[in-house]
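A short write-up of the structure that comes next.
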Amino acid sequence: MRITDVRLRTVKNENELKLKAYADVTFDECFVIHGLKIIDGQKGMFVAMPSRKMPDGEYKDIAHPITPELRKEITDAVIAKYNEMESTDVVVAEVV
């Protein structure tokens, strides 16, 4: 599988200082994962997989890569797209 598209929606909500954007990643132009999050954490930017809050309060990933290589490929592609967007001041879409 190869990543064929990455789309971002920036977050401009003052209550969400760490959450920078949402990402949708398309694979082979035929499968998409929506709702990845770009988060500015204590150790730098990282990509969180889409998740759902369970009744016990714990969050569980809805979809996630099985191999570390695919996780790195997804993270690298999403962060690169975010950095490109930031450097050109182009906003694909905003979430307020």
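May I ask for the longest run of the chain untouched by GluC sites (Glu not before Pro) that are loop-located per DSSP and have at most 11 neighbouring C-beta atoms (other than their own) within 10 Å?
Free of exposed loop sites, the longest segment is 59-96.
Percent of Cα-Cα pairs more than 15 Å apart in the range 22-76, please.
54
Report, please, the projected area of the chain averaged over directions, based on the convex hull of its C-alpha atoms, in nm².
7.2
Could you name the lysines in cross-link range of Lys60, using Cα to Cα under 21 Å and dropping any fewer than eight places away on the same chain?
Straight-line reach from Lys60, under 21 Å: Lys18, Lys20, Lys37, Lys72.
Across the chain, where is the longest run that never hits trypsin sites (Lys or Arg not before Pro) in a DSSP loop with at most 12 other C-beta atoms within 10 Å?
44-96
Each value in this text was obtained by applying a stated rule to the coordinates, not by laboratory testing. Bear in mind that the values here come from a model prediction, so they are computed numbers and not experimental data. Virtual Cβ from ideal backbone geometry, glycine too; neighbours counted across all protein chains shown.
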